[in-house]
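Structure record follows, encoded as structure tokens.
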Number of protein chains: 4
Amino acid sequence: MSDPKTGVPLQEEGDDQECPRWRRRAEARPGEILDAAMEMFVEKGFAGTRMEEIAQRAGVTKGTVYLYYESKEALFRAVVQDNILPSLEEGERTVAEWTGSSADLLAELMRRKWQMIGRSRLSCVPKLMTSEAANFPELARFYMEEVVHRGRRVLESVLRRGIEGGEFRPELDVRTAVRVIQSPLLNAVTHMQSLQRFDDEELDFDAFVDVAIDIILRGIAANGDKDGSDA
Amino acid sequence: MSDPKTGVPLQEEGDDQECPRWRRRAEARPGEILDAAMEMFVEKGFAGTRMEEIAQRAGVTKGTVYLYYESKEALFRAVVQDNILPSLEEGERTVAEWTGSSADLLAELMRRKWQMIGRSRLSCVPKLMTSEAANFPELARFYMEEVVHRGRRVLESVLRRGIEGGEFRPELDVRTAVRVIQSPLLNAVTHMQSLQRFDDEELDFDAFVDVAIDIILRGIAANGDKDGSDA
Amino acid sequence: MSDPKTGVPLQEEGDDQECPRWRRRAEARPGEILDAAMEMFVEKGFAGTRMEEIAQRAGVTKGTVYLYYESKEALFRAVVQDNILPSLEEGERTVAEWTGSSADLLAELMRRKWQMIGRSRLSCVPKLMTSEAANFPELARFYMEEVVHRGRRVLESVLRRGIEGGEFRPELDVRTAVRVIQSPLLNAVTHMQSLQRFDDEELDFDAFVDVAIDIILRGIAANGDKDGSDA
Amino acid sequence: MSDPKTGVPLQEEGDDQECPRWRRRAEARPGEILDAAMEMFVEKGFAGTRMEEIAQRAGVTKGTVYLYYESKEALFRAVVQDNILPSLEEGERTVAEWTGSSADLLAELMRRKWQMIGRSRLSCVPKLMTSEAANFPELARFYMEEVVHRGRRVLESVLRRGIEGGEFRPELDVRTAVRVIQSPLLNAVTHMQSLQRFDDEELDFDAFVDVAIDIILRGIAANGDKDGSDA
DNA sequence: AATGAATGAGACTTCATTCAT
DNA sequence: GATGAATGAAGTCTCATTCAT
């Protein structure tokens, strides 16, 4: 969780003990504002969003937003950071604990990521960072290092493990392959947050993930083995 | 080409007849302005870009921009449309005329698209439309129909042809597979236009396209045939 | 004393009769708030001071200030009036009762005024009125009449008495001379409240008063007598 | 002259050569705005003045002010600096070149200062700096050093010269006396800029200066000589 | 065709004031 | 009596757009 006031990451302070009734509502505020801001930023972009719209959508007035976030920029940073942080270690743990085949691990990672992204607020981040990178260079660097690079490392380790186990083709250029493998999900999420509503050809996202897994696993499988994770 | 003044698609008007010497230079203006606008819009987004920055980058003053484009919105529409239109029929012609294998056709299409996109101004469009869709709904619909859907139709026809010819797996869900297949390139282009500069892990785009083609062709190949287009 | 609520001058109302124990502390509040307000107004000016700063400095919260003063303006008026009123008749009494020489009386008045001003809260008033006159015309008129003009009358009477007694030069333009005579102290007080802290050349205010008295008394002394009050 | 944009002192640039007709007006703008700002700042203080009022008084609109001054603060700094700078060396030159008596020199300096201050825009500075010192500490320091201290040095040198020449009393505490001597004029100027309009007792400023000179010169004169500069 | 001074609507932000607790 | 969350009017500043030259 980041400090609502500045948007800077923050370690826990244990000051939640005594809490008058009427603060309950107050403490929910930053969350409501954050959600409203996220939706607006995704829809209209940072510069295209008015603070008043965010306030309205959160059910408060302009001034109230400033009680919790000291500027529009701080609010944007908070949207990105608060939505990223909870999901950071997720994938790394799964890989470390996995005992099955590498193909199954890869499939599992993609499905899980899909679930997490698709149904949580994390899904806004790739679209936001793509759109606003140049306007928030600090944040962009943070995102690249703590999210993108870390995500790549995880996938690379899975690929190497699969190659060593003879599951995946040994001649694969691991670093490049990882980027290819990430593409379908990344694309789907971004599309969902922007052009989706103008696309009259609907997409069954669960089916999409299955097809992506299928094609990728066949695409990287070693010779004799062309079974994807779901026959 | 769209009418510089309104940014609305336009069929040729034969009004170039009388053309004093000094208009030559003048007619180069819209192009310079368009390029400058494209760069700024990609970098900072529509709302985040100031007309004066565009003018400066184009080497003119603010007022001059308004001689050619009647508003900031018209300029944005012109950037998108003028960069889209030239490439529209491209793929369709290639498919219609192709006589080789479907796998080779698919690989050729991807490489060609890459060349076109990677080296032309078209590459800005996916990023722009992703970021600004909600702010330009008309344009978004136009883009979805005339570019995205048409592009899908082309790839679908290639897949069907490959399936009929026994090259690709018959059980493929064609419409979904198309979206998976498009992802790597789409992703690469978008990344290039936004987060790339914050990514210290460089990427050899030509290699990336080859790996993507390789994985995809293997991923969709029918049983006995797992050769990608370049062994 | 002015009514804390409105800042309007007020004759005593006998409403202090019933007074529970816990009001004791509460009745100290206006004083603390008034002092805090005075300091802030002197430092930052009326418009430049925030109610919250005043509250903080007084050790209460914003809401509490409004329990005692109905608006920021009322608080400002109270600062000025409450600091002026106690000192109003002071000088007049001294003159009426004086039996010594006029030169000594003048010196005594200046020293006493200095003591009163220099060490009391009255010293903020000239600076405040100089800075905010145009924003508080009512108050400015009140100040001019009840303080400035009354002060001039007092000094004029001293001068006239000295002239009649042959101590001071008879050709003196009394009304103008009074203003000259007032200048050094007025200036010192104002300087103390504003630029003093940026002045690295310190000033011994007691010595300053002595020098001022010395120069002035010599400056206005009649022929044979050029002794200041302190030889 | 300070750079209109930032308010920072500036050395001359000789770029006035070719000047289209319509720039004439434009180049007068900063001056008009500066005058308007000066009047408003003196009247209402820095925080109490609205940019729109300044614009209106200068006969332009809000936006225009920002073409010439990048912020309200920069405008304030420009008001102070542009009004101070022209008068800086003035007094020092007079003293250096003087050949008459020290008493006459002192009287001349005071009269000249009065003329300069009383009739020029410089007169606003003492009031502004007194009121806003705490809000513009940089400027306050600049003012103290370049104006106040320099002014004191000049007067001190005159006093010392008079003492050495036997005109003024040798036991004078020069540094303190200087402050006493400066008071009347300083006070008059400040009063004129603030409380004057609420003071129904008018003051003949020229007479005031004469009386001040008279009292001061007698006040500091050595024994036998009690002639002011004007018998 | 080109300029750049000027405009003014509109955005971000602040802060005096209110009020439920 | 005291609090501090909430409000919304008002102020600073920006920038798309216009227009005289």
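Bear in mind these aren't lab numbers, they're just calculated from the coordinates by the rules spelled out. None of the values given here were measured: they were computed from a predicted structure. Cβ sites come from the backbone with ideal geometry, for glycine too, and all protein chains shown count toward neighbours.
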- Message: With the requirement that a residue be within 14 Å of chain D (Cβ to nearest Cβ) and more than 10 Å from DNA strand E (Cβ to nearest atom), what does the range C:44-56 give you?
- Response: C:GLY45
- Restricting the range A:71-82 to residues that are within 14 Å of chain B (Cβ to nearest Cβ) and within 8 Å of DNA strand E (Cβ to nearest atom), the residue that is surrounded by the most Cβ atoms within 10 Å (Cβ to Cβ): A:LYS72
- Note on the structure: Over the range B:176-197, the set of residues touching a Pro at 6+ places or on another chain (Cβ under 7 Å) and of a type in the set (A, V, I, L, M, F, W, C) is B:VAL180, B:LEU186, B:VAL189
- Residue check: is C:LEU85 more than 14 Å from chain D (Cβ to nearest Cβ), in contact with a Pro (Cβ under 9 Å, 6 or more places away or on another chain) and surrounded by fewer than 17 Cβ atoms within 10 Å (Cβ to Cβ)? yes
- Task: Would you tally the residues in the range A:156-173 being over 29 Å from A:ASN83 (Cβ atoms) and either within 13 Å of another protein chain (Cβ to nearest Cβ) or among the aliphatic types (A, V, I, L, M) (or both)?
- Result: 6
- Matching residues in the range A:195-207 - criterion: being of a type outside the set (A, V, I, L, M, F, W, C) and assigned to a helix (DSSP H, G or I): A:GLN196, A:ARG197, A:ASP206
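Evaluate the following for D:ARG150: is it touching a residue at least 12 places away in the same chain (Cβ under 8 Å), farther than 19 Å from C:LYS127 by Cα and not β-branched (Val, Ile, Thr)?
Working: touching a residue at least 12 places away in the same chain (Cβ under 8 Å): yes; farther than 19 Å from C:LYS127 by Cα: yes; not β-branched (Val, Ile, Thr): yes.
Considered against the rule, which asks whether it is touching a residue at least 12 places away in the same chain (Cβ under 8 Å), farther than 19 Å from C:LYS127 by Cα and not β-branched (Val, Ile, Thr), D:ARG150 comes out as yes.
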- Message: Against the conditions (1) surrounded by 21 or more Cβ atoms within 10 Å (Cβ to Cβ); (2) without any contact (Cβ under 8 Å) to a residue 40 or more places away in the chain, where does A:VAL158 fall short? Just the number, please.
- Response: (2)
- Item | Among (1) farther than 15 Å from A:SER131 by Cβ; (2) away from DNA strand E (no atom under 13 Å from the Cβ); (3) not polar (S, T, N, Q) - the single one A:TYR68 does not satisfy | (2)
- Residue hits (the range A:137-194; more than 25 Å from A:MET38 (Cβ to Cβ) and outside any helix (DSSP H, G or I)) are A:GLY165, A:GLY166, A:GLU167, A:PHE168, A:ARG169, A:PRO170, A:GLU171, A:LEU172, A:ASP173
- Query: How many residues does the range B:98-117 contain that are surrounded by fewer than 17 Cβ atoms within 10 Å (Cβ to Cβ) and under 13 Å from the mean Cα position of the chain (by Cα)?
  - Reply: 3
- Item | Those residues of the range C:137-155 which are more than 10 Å from chain D (Cβ to nearest Cβ) and crowded, with 17+ Cβ neighbours inside 10 Å, in sequence order | C:VAL147, C:GLY151, C:VAL154, C:LEU155
